[in-house]
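See below for the structure under consideration.
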Amino acid sequence: MIGVFDSGIGGLTVVKALLEQVPGHDITYLGDTARTPYGSKSADTIIRYSINNTGFLLRKGARLIVIACNTASSYAFEAVREQYHLPVFEVIEPGARQAVERSRRLRIGVIGTRATIASGGYERAIKALRPEAKVVTAACPLLVPLVEEGWIRKAETAMIVRKYMHPLKTMQIDTLILGCTHYPVLRKVIQRKIGARVVLVDSANAIAQRVGHYFNTHPSDGPQNDRPGRLKIFVTDTADQFQRSARLILGRSVHIELADL
Ligand code: DGL
């Protein structure tokens, strides 16, 4: 079973991509809604929460962990890997690689939470691949609460996105990494405000491809039966809004259980 966690609803964009890429696998998702957002927390706290979340998924039977959160990937990837000896996937490197491959002029923008941007993780990952790339970053702290609230088509959201996109537009980026798993939900409005010519890179697809490749090269870790994979969703706080947003992202209703971490 694949264990996936995020601070809230955003990681479901990764689950959606995994359901398409590795359909036979069971997935257990943990949305840490009681402690969201992670993007404004310290590195120590993000690491502690991530280790805690991984422990819960292991107790549920996970054999592979996907950190479906850019903030947790930026700070806790090494710690989770050291603590638990099993394959762990993070979103930063696959997203950076996809951006470098798709950018024509290597002028790459990155948006994310305050913590993700402050970590410098995307910049390092991009420069490791192409040192000559120009990287422009912007923290967009208001976007996660807007997505958690389901404010997807509101005029206020469009106004805030426009304000965040302005400095990136001025820098004439040709590619923009949606460096937070919540942001693909706002993809349309982001594309409208940044301009149709800018390529949007979404790390959800990039990480799902990486997991697909892992199973192709490790067939013995694959599902042992032919039935479709089962999806289980846990949250750490009751949230009706989570149910509505999950339907929006996954396109179907899901059963949500309360996690006892
Ligand atoms: N979805 C998370 C990310 O990818 C973060 C949201 C948050 O908790 O701040 O960074």
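Some observations on this one:
- Cα gyration tensor shape for the stretch 153-260, rounded if a/c is under 1.5, else prolate or oblate: oblate
- Peptides ranked, highest mean first, by Cβ atoms within 10 Å: ranges 57-66, 162-171: 57-66, 162-171
- Förster-model FRET efficiency, 22 Å R0, Gln209 and Leu129, C-beta, rounded to 0.05: 0.85
- Gap separating the Cα centres of the stretch 90-159 and the stretch 204-255, nearest whole Å: 23 Å
- If the segment from Arg105 to Ile51 were pulled out straight at 0.36 nm per residue, it would be longer than the present Cα-Cα gap by 15.6 nm.
- Taking every DSSP helix (H) stretch of at least 4 residues in the chain, weighting each as -39,500 (n - 2.57) and dividing the sum by the residue count yields a mean residue ellipticity at 222 nm of -14500 deg cm²/dmol.
- Gyration tensor (alpha-carbon) shape descriptor, the stretch 1-120, a/c threshold 1.5: oblate
- With R₀ fixed at 41 Å, the C-beta to C-beta distance from Asp221 to Arg244 puts the FRET efficiency at about 0.75.
- Calculated FRET efficiency for the pair Arg230/Glu82, C-beta based, R₀ 35 Å, to 0.05: 0.70
- With Rh defined as the Kirkwood radius, the inverse of the mean 1/r over Cα pairs, the Rg/Rh of the chain is 0.95.
- A simple spin-label model places pseudo-atoms 7 Å from Cα toward Cβ; at Ser253 and Glu149 they are separated by 2.7 nm.
- Qualifying trypsin sites (Lys or Arg not before Pro) in the stretch 171-204, DSSP loop, other Cβ atoms within 10 Å at most 16: Arg197
Just so you know, all these numbers are worked out from the coordinates, no wet-lab data involved. Everything quoted here is computed from the prediction, not taken from an experiment. Methodologically, a virtual Cβ is constructed for each residue, glycine included, from the backbone with ideal geometry; neighbour enumeration extends over all protein chains shown.
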